[in-house]
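Below is one structure, written out as structure tokens; comments come after it.
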Amino acid sequence: MATYIENDSVDIVEASNSDNMNNAGELDSDKFELSKATEGDVICNNTPETAGGAPSNSGDDMLAEIRTNVRSQLEELKERIEGMTEIPDLLKDISLKCLEMSTLQYLSYHLDPESDIMTEGDKLKDYRGLAEWIGLENIFIRYISKANYAIHKTSEVVSKWLTRTEEPLPTLGNLQRCLKELERIDVLEDMSVKMAKDAVNWKLTELEASAGNANRTSGDTSWQLTRHDVVTGEKTMYTACLLYADEDELMAQLIIKVFKEAYEKALFFNPNFDLKAGKFVLDTTAAVITERCDHKVVFLLSEYFYASEICQFAVNYAAAHGTGNGNLIPFHLTRNIKDIPNVLTGITGIRWFRKSTRKHAWSCLAECLLCEKIDSKKLSEVSENITKLVDRDKEQYLQDPPYDEDVAPPGDPFPVVEPEMASPLPTKEDIENQILQSEQEILAKSKTEKWKLLKRVKQKIVEKVFKGSSPFRSSSYPPVEMKSVGNNNNKASPFVNGFVDTTNASSVGCAVF
């Protein structure tokens, strides 16, 4: 039975020789021994005692020896994993956080190319199948599949997976299981060695930190999400997130300048420039909005915004991740409201396109962003500072949205597939209209069926008349001889023995009906 010693989040595994060692005493190719400590070496409460029962001061020495032994085993494992096609069992529970960026990119090279081939379980054999296997939201999968800009889509899927706490957890073992179910054995054959090496290096780093009794958080920079975190060395809090199209950069900078001069603590998060290099764009932006911006997002709505796939998705992504209750702030740069995403429809925004109210718009934006962060007295002071600033240079601070001279005209609005949660429930009028429409369709169908039936009956009657088998003919009444009708010329009568002569039926078509 395996024994585990946990110290500073480092698991030291003890396994019996029969489990992990072959007859030659060498490491088995599938299972690796990370410690040769016996159960007798591990004492309750991690306090070893001497044979006389006196406490020993060699507890630290024992742990140091075990760490040294584990380190040597990991180094040996690192040398022996070449040529493997599967993840070793003892590495399967390690988080995917261990994977290097180059490994994730290489994994993207395998899974990013889209394939329409389905597995027996009806899953695609690419990054979309991976996302579906994990259980990610449909809105995320749809966006990833339609994104045109250069990203490693598989890396984004893995990044999203790392934020989940429910099964399947983001571990090497589950990734291997997923690839097998997607029938991508080629990926395992090509990537297993690289992923195993990353896992071993990850564990070696943990051991080194533990051996020196180092504070793990002191050397851990995973909390750094933005460039401000890197510069200050502290977690940076923001006034709000500012989302806009690239072409609206000058207007965004104008907003930042106004608030920076009116309120020195104002700081906007701009995903285009403020994300730390190497971070995943989508999930890091969502994390900053949620944890650092109090869920507040300002959207600069322009024709360029409507024509941007990324901007349109950002609106839905923010709404789908709990950003609401007055935290979504539309800043209208254009009068076009028909192309506003559904999640922003009906939300009161700031209408910059109205020139007469632009001065008031600055105060409205300040109230939306700062009312929950500062008291009313300080908020009034900020509003006064903005008013003074605008009065000094109205031409600059009340101008139309500025654009570079060489900016291209906006394209057509991008068609957006809204998330399911954004679809409004049908109103009472919608339901009544649907019922009325259904009744009209049933009535029209009924009339059509009756007309078709009558047409078929008439057709049968005509067929019997022209075949000489009239249903009105009876053997009890002999046929009455009829004289010729019409002028006394030599034309043959259309009637023969009281019945229609079918050889000249066209001349008496009116008589038949």
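What follows draws every value from the coordinates through simple rules; no lab data is involved. This structure is a prediction, so every number in the text was calculated from the model and none was measured. Note that we place each Cβ from the backbone using ideal geometry, even for glycine, and neighbour counts take in every protein chain shown.
The stretch between GLU395 and GLU439 holds 9.7 nm of extra length on full extension. This uses 0.36 nm per residue minus the Cα-Cα distance.
Annotation for the stretch 316-391: GluC sites (Glu not before Pro) lying in DSSP loop with at most 13 further Cβ atoms inside 10 Å of their Cβ are GLU372. Label-to-label distance, LYS260 versus LYS194, with points set 7 angstrom from Cα along the beta-carbon direction: 4.0 nm. For ALA240, the amide hydrogen comes within under 5 Å of the amide hydrogens of LEU267, PHE269, counting only partners 5 or more places away or on other chains and with H modelled in the peptide plane. Under 5 Å between amide hydrogens, built in the peptide plane, is the criterion, and for ILE350 it picks out PHE331, HIS332 among residues at least 5 positions away or on other chains.
Strictly over 28 Å apart at the Cα level, which of LYS257/LYS338; LYS279/LYS355; LYS260/LYS296; LYS92/LYS276 would you flag in this model? Pairs exceeding 28 Å: LYS257/LYS338; LYS279/LYS355; LYS92/LYS276. Taking one quarter of the surface of the convex hull spanned by the alpha-carbon atoms of the stretch 361-405 gives a direction-averaged projected area of 3.8 nm². Restricted to Cα atoms, the stretch 161-312 shows a radius of gyration and a Dmax of 20.4, 59 angstrom.
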